[in-house]
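A short write-up of the structure that comes next.
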Amino acid sequence: MAIQAGIEMAGVEKNRERALAAAGEELAALLHHADAEVLLALLDNPSLEETQLCMLLERKNLPAEILEEVARRKPLLKSYRVKKALAFHPRTPRLVTLRLLRDLYLMDLVQITLLPGIPTELKRNAEDQLVSRLPQLPLGQKITLARRGPARLAGALLAEGHAQIVSIVLDNAYLTEAQVLRVLSREKLPPVVVRSISLHRKWSISYNVRLALVRHPLSPLATVLAYLPELTVSDLRELASPGVVSESLRKYLQAEVQRRIRAGEKSATKESNPGSPSASNQD
């Protein structure tokens with residue numbers, strides 16, 4: 001046993017020495033070595049180039065200690081490719097990734113938010129980074145983000161209300177109903193936002209969005225009146241409570257509630273008197 005252990009240790013030491021001095025094809029082969037000690041030695045090899053280091057960081061089975069060591073070495077982090085490779089690696093320690101997110105380019109941050117299986121904290125932080133950068137971005141970049149950005153970013157862009165962006169962001173595949181409702185919960189919005197939502201082929205047919213549009217003071221009256229027959233009586237009554245909508249709209253809501261009540265009473269009368277003349281005329 002002791003002899004075998006000694007042989008193995010000697011083999012590891014030999015590989016470490018190879019890793020410290022290797023170049024060319026030999027160095028490239030060692031990038032795939034299974035032993036962490038050998039990989040750590042590679043990091044001290046003066047012949048290790050950025051491209052080779054990034055190839056090493058592409059290994060999904062890379063031991064976490066290697067990732068931590070790369071993150072500790074500031075000279076290595078001067079390379080943006082290395083930073084990105086570390087940030088995207090699934091085994092990179094959470095705190096390291098959080099620190100690296102601050103330095104990622106815009107579309108790389110977007111890619112992080114859309115990766116499957118990314119921890120919620122990291123996704124949220126990346127989204128925060130994107131939203132915080134919005135005010136400084138030129139229109140062209142905002143248009144790109146409106147097409148491809150994640151839900152929270154899409155919602156933030158929608159709320160800004162740029163005329164050239166609103167229609168684009170409403171078609172964003174990642175935009176959710178929750179974000180649209182969050183935007184409509186703001187009283188102060190550019191009118192184009194409310195109008196565009198009310199005309200959109202997808203969002204205008206959502207019951208919850210229609211309810212939010214009825215509540216919003218900027219919604220066109222004609223649009224609101226068109227929605228009323230499709231709302232439930234309980235929602236109409238809630239909307240008609242004092243202070244929810246304007247007094248002028250409240251009268252329409254109360255009138256719709258009364259119309260429903262009369263229609264219900266008439267229907268109940270017909271059902272209870274199937275032989276009445278009025279019921280016979282309907283046959």
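How much length, in nm to one decimal, is gained on full extension between Leu20 and Arg133, taken as 0.36 nm per residue of separation minus their Cα-Cα distance?
Full extension of this stretch gives 36.4 nm more.
Can you pull the percent of Cα pairs in the stretch 19-135 with separation above 23 Å?
Values: 2122 of 6786 pairs.
Summing the P(r) tail past 23 Å for the stretch 19-135 gives 31 percent.
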So the FRET efficiency between Leu77 and His33, C-beta based with R0 = 25 Å and rounded to 0.05, is 0.60
Result for the chain: accessible area per residue, probe 1.4 angstrom, in square angstrom, of 56 Å²
With Glu50 itself left out, Lys, Arg at +1 and Asp, Glu at -1 over residues whose Cβ is under 12 Å from its Cβ give +3
Classified through the alpha carbon gyration tensor (a ≥ b ≥ c as square roots of its eigenvalues; rounded if a/c is under 1.5, else prolate when a/b is larger than b/c, else oblate), the stretch 156-247 comes out prolate
Of the residues Ala71, Ser132, Leu106, the Cα lying farthest along the dipole of the stretch 68-200 towards its positive end, which is defined by charges on the beta carbon of Lys, Arg, Asp and Glu, belongs to Ala71
Rounded to 0.05, the calculated FRET efficiency for the beta carbons of Tyr207 and Ala163 at R₀ = 30 Å is 0.60
Between the modelled labels at Val233 and Arg148 (7 Å from Cα along Cα→Cβ) the distance in nm is 5.2 nm
For the stretch 73-167, the accessible surface attributable to carbon and sulfur atoms (probe 1.4 angstrom, ligands and nucleic acids excluded) amounts in percent to 54 percent
Options (1) 1.07; (2) 1.03; (3) 1.66 for Cα Rg over 2.2 N^0.38 Å; the value derived from the coordinates is listed as (3)
Surpassing 27 Å at the alpha-carbon level, of the pairs Lys83/Lys123; Lys202/Lys251; Lys74/Lys142; Lys60/Lys83; Lys83/Lys142; Lys142/Lys188, are Lys202/Lys251; Lys74/Lys142
Per the 1/(1 + (r/R0)^6) rule, R0 = 30 Å and r from the Cβ atoms of Tyr105 and Leu221, FRET efficiency to 0.05 is 0.10
Per GNM of the chain with C-alpha springs under 10 angstrom, the most fluctuating residue out of Ala173, Ala34, Ala87 is Ala34
Under the helix-only model (-39500 (n - 2.57) for each DSSP H run of 4 or more, divided by the residues of the chain), the mean residue ellipticity at 222 nm, to 500 deg cm²/dmol, is -20000 deg cm²/dmol
Cα-based Rg and Dmax for the stretch 96-208, in Å, come out at 14.2, 45
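The values are calculated or read from the model by the stated rules, or taken from the named source; none is laboratory data. Here the structure is a predicted model, which is why all the values come from computation and not from measurement. Here Cβ is always computed from backbone atoms with ideal geometry, including for glycine, and neighbour counts include all displayed protein chains. We work out accessible area using only protein heavy atoms, side chains counted, and drop any ligands, DNA or RNA first. Shrake-Rupley method; radii C 1.70, N 1.55, O 1.52, S 1.80 Å.
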